[in-house]
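The values are calculated or read from the model by the stated rules, or taken from the named source; none is laboratory data. Keep in mind it's a predicted model, so treat the numbers as computed, not measured. As a convention, Cβ positions derive from the backbone with ideal geometry for all residues, glycine included, and neighbour counts pool all protein chains shown.
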Amino acid sequence: MSNEHKEWMPLDLSGKTAVVCGSTQGIGWAAASHLAGLGARIILLARNEESLKKALSNLPGPANHAFAVADFSDPNHVHSAIQTVVKKEIIHILVNNTGGPAGGPIVNAEIDAFRNTFEQHLVCNQILAQAVLPGMKSAGYGRIINVISTSVKQPLPNLGVSNTIRGAVASWAKTWANEVGVYGITVNNVLPGATNTARLDQIIENKSAKTSTPADKIRQQMANAVPMKRTGEPDEVGRAIAFLASPSASYISGVNLPVDGGRTSSL
């Protein structure tokens, strides 16, 4: 068999449209940038309109990117925003990415913290996935990628609410993968480890304040816990997301992919 015309690693996303949540900074912005770099049209989804406009102006790739304002603390607002989007066009790629809740031991967690985080993550994910599903089915192409945490494999100390809800999202995603695979739609989770984002800065600052330990020392301790002896960069997570969104990942579905430098001790 001749391989003369075989595309060895199909990554081109030209003609595809992606909705990327929490996409004005950190991992969300990195994901949006790499998807755009592969040719996808991006619809940024976040709550701050000014930040969205700034991010939009810096995206590479096609000139027709767009944004929609959505406050993930209000599922009704997210529903309204995504319905406006899907009435106009088919979404081929959905990246669910929302900031985590405040840290703290689970024994001290308020009931509302669980309820609010469940709505912000799982309920909003469900709203978004249900909205884009018809278009993905009609296109015969769909990628739903959820940015969660390595805590779904190994619960992290002092992140009681986050550990609980992230685990629920992982099970939700696996169930979706089982049900929509027949339509050529994949559903996967990307699990960042300690990544240099505003979220990590917040965790370090909180721990520093509680333990009277310098923030730099805590950051170095985190790096030392990783076999690669460093924390990750948002771009490294963004590239993993872009690969899972590409045609090359057509037979990968229902997985939890750690992007953590090998820190997670479970297989």
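Brief remarks follow.
- Residue match in the range 180-196 (condition: at pLDDT below 95 and either in a helix (DSSP H, G or I) or among the hydrophobic types (A, V, I, L, M, F, W, C) (or both)): yes
- Near pairs, Cβ below 9 angstrom, 6+ apart or cross-chain, from the range 54-68 (charged (D, E, K, R)) to any residue that is outside any helix (DSSP H, G or I): 54/24
- Residue within the range 230-247 that is touching a Gly at 6+ places or on another chain (Cβ under 9 Å) and part of a loop (DSSP other than H, G, I, E, B) present: yes
- Flag if residue 80 is surrounded by fewer than 23 Cβ atoms within 10 Å (Cβ to Cβ) and under 19 Å from residue 243 (Cβ atoms): no
- Filter result (farther than 30 Å from residue 211 by Cα and out of contact with any strand residue (DSSP E or B) (no Cβ under 7 Å at 6 or more places or on another chain)) within the range 103-136: 119, 122, 123, 124, 126, 127, 130, 131, 133, 134, 135
- Index of the failed condition, residue 168 passing every other in (1) buried (at least 20 other Cβ atoms within 10 Å of the Cβ); (2) small (Gly, Ala, Ser); (3) in contact with a His (Cβ under 9 Å, 6 or more places away or on another chain): (1)
- Hits in the range 95-154 - residues which are closer than 19 Å to residue 43 by Cα and hydroxyl-bearing (Ser, Thr, Tyr): 98, 141
- Residue ID - surrounded by the fewest Cβ atoms within 10 Å (Cβ to Cβ), chosen from residues in the range 83-99 that are in a helix (DSSP H, G or I) and in contact with a helix residue (DSSP H, G or I) (Cβ under 9 Å, 6 or more places away or on another chain): 83
- In the range 17-59, the residues that are in a loop (DSSP other than H, G, I, E, B), under 18 Å from the mean Cα position of the chain (by Cα) and more than 16 Å from residue 98 (Cα to Cα): 38, 40, 59
- Count of residues meeting criterion [buried (at least 17 other Cβ atoms within 10 Å of the Cβ) and in a helix (DSSP H, G or I)] in the range 248-265: 1
- Within the range 242-267, the set of residues being within 24 Å of residue 219 (Cβ to Cβ) and hydrophobic (A, V, I, L, M, F, W, C) comprises just one member, 259.
- Residue tally, condition farther than 23 Å from residue 126 by Cβ and either of a type in the set (D, E, K, R) or assigned by TED's automatic domain parsing to the domain that holds residue 247 (or both), over the range 199-226: 7
- Exactly one residue among 47, 41 is assigned by TED's automatic domain parsing to the domain that holds residue 244 and touching a Lys or Arg at 6+ places or on another chain (Cβ under 9 Å), and that residue is 41.
- In the range 143-163, the residues that are assigned to a helix (DSSP H, G or I), out of contact with any helix residue (DSSP H, G or I) (no Cβ under 6 Å at 6 or more places or on another chain) and more than 21 Å from residue 127 (Cβ to Cβ): 150
Residues are listed down the side, and each one gets a yes or a no for (1) surrounded by fewer than 16 Cβ atoms within 10 Å (Cβ to Cβ); (2) within 27 Å of residue 161 (Cβ to Cβ):
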{"site": "12", "(1), (2)": "yes, no"}
{"site": "30", "(1), (2)": "no, yes"}
{"site": "38", "(1), (2)": "no, no"}
{"site": "57", "(1), (2)": "yes, no"}
{"site": "110", "(1), (2)": "yes, yes"}
